[in-house]
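Working notes, beginning with the structure itself.
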Amino acid sequence: MKFVMPGDKVGYKEEFVLGEGVYEENGEIFAAVAGKIVVKDKVINVEPVKIIPEIEKGDVVLGRVIDVRNSIALIELSRKKGLDRDLKNTGLAALHISNVQNEYLKDLNSAIRYMDIVKARVIDEKSLKLSTKEKEMGVVKSICSVCKHEMLREGDELKCPNCGNVERRKLSSDYGKGKW
Ligand SMILES: [Zn+2]
């Protein structure tokens, strides 16, 4: 039994038929959820396995974006709201492009970027699926992709006080407040 995290490569398109809990990008197959690989009649699935015992469905969590793919952002969880310490077991959670905001989102990079700190709701505690659709959920801290300076909120956008660069995100109503 092999455990995988969201974003782990599990095979190639030529080898398998895509089942549940996986997605394909450029001929490669990746886990969309945390769990174990199950192959049956060439159909590859990742069956969700709960890997962070402290996390329940409905929890609000905080984490850092470590990768943004075409359809999912991978977020390394560190905190859970109501818990005054870091999580004992850390793990990668997945934010799918369809769970970022209520409005249609064409490009994930226009809402979430590498190194952003994100506040999110856990919608599936086994597969570690997140949602940032609520007003309070989304990016709470972000750095400029040009000069790495911390970005400040200006209306619906972020502006870099150092180089003037302007970027968009799915912003949490807590952005820049230093609390979450
Ligand atoms: Zn900048």
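Readers should treat all values here as calculations from the given coordinates under stated rules, not as data from a laboratory. These numbers were taken from a predicted model, which means no experiment stands behind them. Glycine also receives a Cβ, built like all others from the backbone with ideal geometry; neighbour counts cover every protein chain displayed.
Put +1 on the Cβ of each Lys and Arg and -1 on the Cβ of each Asp and Glu in the chain; which of Y104, A120, L87 then has its Cα farthest toward the positive end of the dipole?
So the residue we want is L87.
Rounded to the nearest whole Å³, what is the per residue volume of the convex hull around the Cα atoms of segment 51-108?
89
Please work out the Cα convex hull volume for segment 60-167 and give it in Å³ per residue.
In segment 60-167, the Cα hull volume divided by residue count equals 111 Å³.
Using only the alpha-carbon atoms of segment 1-60 as identical scatterers, what base-10 log of I(q)/I(0) does the Debye formula give at q = 0.19, 0.28 Å⁻¹?
-0.63, -1.12
Compute from the Cα atoms of segment 107-180 the Rg and the Dmax, the latter being the longest Cα-Cα distance, and quote both in angstrom.
Reported Rg and Dmax, both Å: 12.6, 42.
Normalised by the residues of the chain, what does the relative contact order come to in percent, with Cα pairs under 8 Å and at least six apart?
Relative contact order here is 16 percent.
In Å³ and rounded to a whole number, note down the convex hull volume per residue for the Cα atoms of the chain.
118
Please get the size of the charge dipole for segment 60-167, origin at its Cα centre, with Cβ charges of +1 on Lys and Arg and -1 on Asp and Glu, quoted in debye to the nearest 20.
With Lys and Arg at +1 and Asp and Glu at -1, about 360 debye.
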